[in-house]
Structure formats: C-alpha cells, structure tokens
1. Confirm whether B:S281 is assigned to a helix (DSSP H, G or I), surrounded by 14 or more Cβ atoms within 10 Å (Cβ to Cβ) and under 21 Å from the mean Cα position of the chain (by Cα).
2. Of all residues in the stretch A:6-46, which are touching a residue at least 40 places away in the same chain (Cβ under 8 Å) and within 24 Å of B:H97 (Cβ to Cβ)?
3. Spot the failing condition for A:A9; the list is (1) surrounded by fewer than 16 Cβ atoms within 10 Å (Cβ to Cβ); (2) more than 23 Å from B:Q167 (Cβ to Cβ), and only one is missed.
4. Since B:A193 meets every condition but one in (1) within 25 Å of B:F92 (Cβ to Cβ); (2) of a type in the set (A, V, I, L, M); (3) buried (at least 24 other Cβ atoms within 10 Å of the Cβ), which condition does it not meet?
5. Residue check: is B:S60 surrounded by fewer than 19 Cβ atoms within 10 Å (Cβ to Cβ) and hydroxyl-bearing (S, T, Y)?
6. Would you pick out the residues in the stretch B:69-117 that are of a type in the set (G, A, S) and surrounded by fewer than 23 Cβ atoms within 10 Å (Cβ to Cβ)?
7. Scan the stretch B:176-185 for residues that are touching a helix residue (DSSP H, G or I) at 6+ places or on another chain (Cβ under 8 Å) and either closer than 18 Å to B:R222 by Cα or within 7 Å of chain A (Cβ to nearest Cβ) (or both) and jot them down.
8. Just need a number here: residues in the stretch A:17-49 that are more than 10 Å from chain B (Cβ to nearest Cβ) and under 22 Å from B:A175 (Cα atoms).
Amino acid sequence: STAAVLDEALLAKLVCPLAKTPLRYDVEQQLLINDELGVGYPVVNGVPYLMPTRGRMLHQEGQEEGQQAGHS
Amino acid sequence: MRLLSTTDPLPHQPPAGSNIINSSSRSSDTNAEDTEDVIDFGFKTVPRQQKEALVGQVFSNVASSYDIMNDLMSGGLHRLWKHRLVETLAPFAGMQHLDVAGGTGDVAFRVLRAIQTAEQIDRQQPQQWQAQQPQQQPGQQQQQQQQQQGAVTVFDINAEMLEVGKQRARAQGLATGLSWVQGNAEQLPFPDACMDSYTVAFGIRNVTDRHAALCEAHRVLRRGGRLLCLEFSQVSLPLLRQVYDAYSFNVIPKIGGLVAHDEASYQYLVESIRQFPDQESWADQIRDAGFKAVTYENLTGGVVAIHSGFKL
C-alpha cells in the first residue's frame, strides 16, 4: 500500500525537534507545523522530515507556499 | 513534487566531483566542549559544519548497496552481531522502541519481530497473566491487552537509507508497528520519556556531536529505559589487529570499488572506524550523558562492542 499521507498514530508521537512541542499536520501542504515558531517541516511519501534545517519559516515564505501548492 | 527547504544542506543526488559547501549555519551549538571548528572525517579533517553533509553524501552513495556490502565486508558477521544486540535488548510485549541511524531496517525488523513474538506468547497464556491482575470485567481485560501494542520507530538522517528500508519492509511483509522518521540524532523529534529502549547500530560514529546524541537518547528514554549501542571498536590483540587493519585498508575499499563502484565512500567508512573512541572512552562518554550501569561486551575480539546504559 502506498502511504503518501502521514499516519495519524505516528503524528501523536512526534514533536518539533527544536521546541519539543506538538505539531499540527497540514494535509494539503504536507507539512508538520509548529504554530508557535511558525515553522513547517515537510512530509514526503508519509515520512516526516524533522531535521531542524528542513524547517521552513512559513510567514516569510507566503509566496513560496502559494507556488508549492500549485505544483503537483 | 518534492518538497525541499531552501536551507537544505543535503543534496538528494550528490553532484559528481564537487565540494559540499554547507551554507546553512547550525541552529544551535550548545556543546560546552565544542571550542574547535574542525572535526574528523575519517582520516581527513574538515570544518565541523561540513561533516554532516559529507557523511550524508557517503550514505546516499552507499544506500542501494549497503546490505550487500555489509555482508561482504564482515563476511556475514554483522548478522551475528545484530542478533546479539537484539538478544541483549530482550524485547517485550508492548515495547516502544527507537532505532537510530538504522535506515535500512536491519535492527528494527529484528526488534519488531521479537516484540511480536513476545506479544503472541502473552496472548497464548492468558491464565498466567490474569492470575497477576486484580478482579476485572472481561471487557476491561480485553481492552488492557490491546492497549499496549509494541511499536518500532526507524530514525535516520538520510532519506535514501530510509527509502531502502521501507522497500525492504514491504518485501518482508512488515508494516504494522513500524514507523519511519527522518531527522537528526542530535535533535530528536520525540517527547521526553516516550521510549522504552534506544538502539544505534553502526551509526553513532557518523554523528557530528555524539554527546548531543547521547543526551537526546537519555531524554527520550523512560525511567528504566535502556540504550544499546553496537559499534566498531578497538581490537586489542596485536596479531588480530594487524590482520584486521590489513583487511580493512587493503580489501574493503577495493570491494567497495568493485561492487558499489565507490572506493572513496568505503575508504571513509574504514577510516571513521579508526577514529572512534575505544571501549572504555566510549563508556565514559555514555556516562557523561547521564546513563547509569554502563557496561560493554566485546564481540569478535573487539572488532565490535555492544555498549549498554540505563536511564535510572
């Protein structure tokens, strides 16, 4: 089975690698978001990429977000 | 579609013959001992910031042939070593386990199977289990039995290694109870005290800041939780040491060149083994991170060692 979406059971066990606080899963953008820090980590093929350097500052990249959503 | 951060220092396809310039600065550099800005990369010395990307390139290069090369390099011995590691771990029903730097899944699959075996045994012996519990409604008992299901999380910094691992899991029919997470061992994306056990097999020597990785291991373990580290160590017997050195430096990179078409990566692997601290020094470093009852067991004359520590 192709698990392109993050398993919700796994989500419950994950936290932000920097702040160690819970993350919100944005299914559309395939991002795990720390709302407090405004950081989003990518989920690719159901695998969360939770390296601090993979985190993108969301409020600074509003434009890029729009472009990403347009790709498929 | 592939999501890549603009600050991503790890190329998915390593460019041929180019230098890795890591332009992203490290998010935190809190290690008090970290006064030098260079670090070992095998026998070379590189800027500290570059090690992660350089190691990343090595493992992206070797990922597809990793398991074959393990067999060739160790003459199949790595299977025995990993078996001993999991035997020492003694997985139990409902265990929450974290396998770090275990991208291709070798250790994780063994642990998962052992957990599932233990759970099967538990289900087949309900009388023994019930005798130890206070009087309960049948419905409650069933619920309790289902609550603690074992889970193994495979954690690796390298996407290619995880991808190989996922494919292997599919081929072996393993799915339930297995999770895949990418990240840095120095900054684990798991809450405090959520794991019963933590293994790292042949991965810790590639981590830039090993002390940070050990502290993170300590943080995510529950009280009573155990760290087990399987890693190449120092051979003390002179004759065996000579043979081992000759084999390592003359044979292994050549095999890497022939089988994986990548002599340089295997040269790094062999050199990184020599740069790793000896058994006692490594045990001390594990103690420095807060672990108690730290011990080690030599295998194959010290070619590898299993280090163990508890969070108490």
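Taken together, the values in this text are just the output of simple stated rules run on the coordinates, not laboratory data. Fair warning: this is a prediction, and the values are worked out from it, not measured in the lab. Because the Cβ atoms are built from the backbone with ideal geometry, glycine has one as well, and the counts that use them run over all protein chains shown.
1. So B:S281 does not fit the description; no.
2. Residues satisfying the conditions are A:L6, A:N45, A:G46.
3. Going through (1) surrounded by fewer than 16 Cβ atoms within 10 Å (Cβ to Cβ); (2) more than 23 Å from B:Q167 (Cβ to Cβ) one by one, A:A9 breaks only (2).
4. All conditions pass for B:A193, except number (3).
5. In short, no.
6. Once the filter is applied, which keeps residues that are of a type in the set (G, A, S) and surrounded by fewer than 23 Cβ atoms within 10 Å (Cβ to Cβ), the stretch B:69-117 yields B:S74, B:G75, B:G76, B:A90, B:A93, B:G94, B:A114.
7. Residues satisfying the conditions are B:S179, B:W180, B:V181, B:Q182, B:N184, B:A185.
8. Final tally of qualifying residues: 2.
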